[in-house]
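Asker: Sharing a structure here in structure tokens format.
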Amino acid sequence: MSSESVAPASDWDGARYDRLADPQARWGDTVLERLQLAGDETVLDAGCGSGRVTEQLLERLPNGRVIALDASRSMLETARRRLERWQERVRLVGVDLLDLGPSTLGDDAPVDAALSTATFHWVTDHDRLFANLATVIRPGGQLVAQCGAEGNIESVVRAVRALGVERAGTWLYASTEETSERLRRAGFVETRVWTNPEPTPFPSDADLTDFLEAVCLREHIATLPPAERRPFSERVAAALPGRTIDYVRLNIIARRAG
């Protein structure tokens, strides 16, 4: 297993995310089923995180390869450990999706397909994102993805505002209409874009607080003094009805024109 071009570390904690990201792994299984694979393709996992979905993707590619890309050094190190048994069939690449291009992937470009789960909403320029993806997917190749949609985690945002602050960080929860138009401009055809609610309950207050702290509030928490971080997450968790985060997912299926 090789890796290269690792980007500077972000403030993700890959090992912690790997322990907590059951919802993302569950959604990833569903998205992965939408990929049409013969088993010998080269597929880009665009935002591989800790590698949980990448692992499932590799199992569907007995004669293929995966390029596992993420901007977080911590995520890639966790993915490296998880994917060690796949040896030469996976390559880890550290780069921001807004810097993605054929030179990033080298001899592996163009890929037959790109898969992404729970990543695109962290990228704030979707026009550039889809244009970049189009440069590394072969003509006729697939793009299958899911991320946060318009209206995603509104109860969390309201709970933060009720504490007298705005949720700090960067994200983009796009609509189906915006996404369809951006895909078209980037050179994708046969597009299907839709949303679905994914209300996600947690078994205990502590589990919900851990998840909020590590994922939904990660960027905001980083702005707080260490002594205030856990109490802030606990107050947000206490405000969520039924220990449930109201996720809304944006689903994408498209093909590269040509």
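None of the figures in this text is laboratory data; all of them are computed from the coordinates on show. Fair warning: this is a prediction, and the values are worked out from it, not measured in the lab. When we count neighbours, we look across all protein chains shown, and the Cβ atoms used for this are built from the backbone with ideal geometry, even at glycine.
Asker: How much FRET efficiency would the formula 1/(1 + (r/R0)^6) give for residue 219 and residue 155, where r is the Cβ-Cβ distance and R0 is 22 Å, rounded to 0.05? Provide the component values of the computation, followed by the final result.
Answerer: On the way: r = 18 Å, r/R0 = 0.81.
The calculated FRET efficiency here is 0.80.
Asker: Determine, for each peptide in 42-53, 205-216, the mean count of other beta carbons within 10 angstrom over its residues, then list the peptides with the highest first.
Answerer: Output ranking for 42-53, 205-216: 42-53, 205-216.
Asker: Where the centroid of each part is defined by its Cα atoms, how far is region 78-109 from region 178-196 in Å?
Answerer: Centre-to-centre (Cα) distance: 25 Å.
Asker: Quick check of the Kirkwood formula: for region 112-258, what is the inverse mean of 1/r over all pairs of different Cα atoms, in Å? Walk me through the numbers on the way to the answer.
Answerer: Numbers: mean 1/r = 0.0608 Å⁻¹.
Averaging 1/r across every pair of different Cα atoms and inverting gives 16.5 Å.
Asker: Sticking with this one: With +1 assigned to the C-beta of every Lys and Arg and -1 to the C-beta of every Asp and Glu, and no other charges, what is the dipole magnitude of the chain about the Cα centre in debye, to the nearest 20? Intermediate values should be presented prior to the final figure.
Answerer: Details: 31 positive and 39 negative charges, 27 e Å.
Charge dipole, the chain, about its Cα centre: 140 debye, nearest 20.
Asker: Which distance in nm do the two modelled labels at residue 206 and residue 38 give, with both placed 7 Å along the Cα-to-Cβ direction?
Answerer: About 5.1 nm separates the two model spin labels.
Asker: Here is a follow-up. If the chain between residue 235 and residue 124 were fully stretched, how many nm would it gain, using 0.36 nm times the residue separation less the Cα-Cα distance? Working shown, then result.
Answerer: Working: separation 111, 0.36 × 111 = 39.96 nm, distance 2.78 nm.
That pair, residue 235 and residue 124, stretches by 37.2 nm at full extension.
Asker: Pop the C-beta distance of residue 63 and residue 30 into the FRET formula with R0 = 30 Å and round what comes out to the nearest 0.05.
Answerer: Working: r = 24 Å, r/R0 = 0.80.
It comes out at approximately 0.80.
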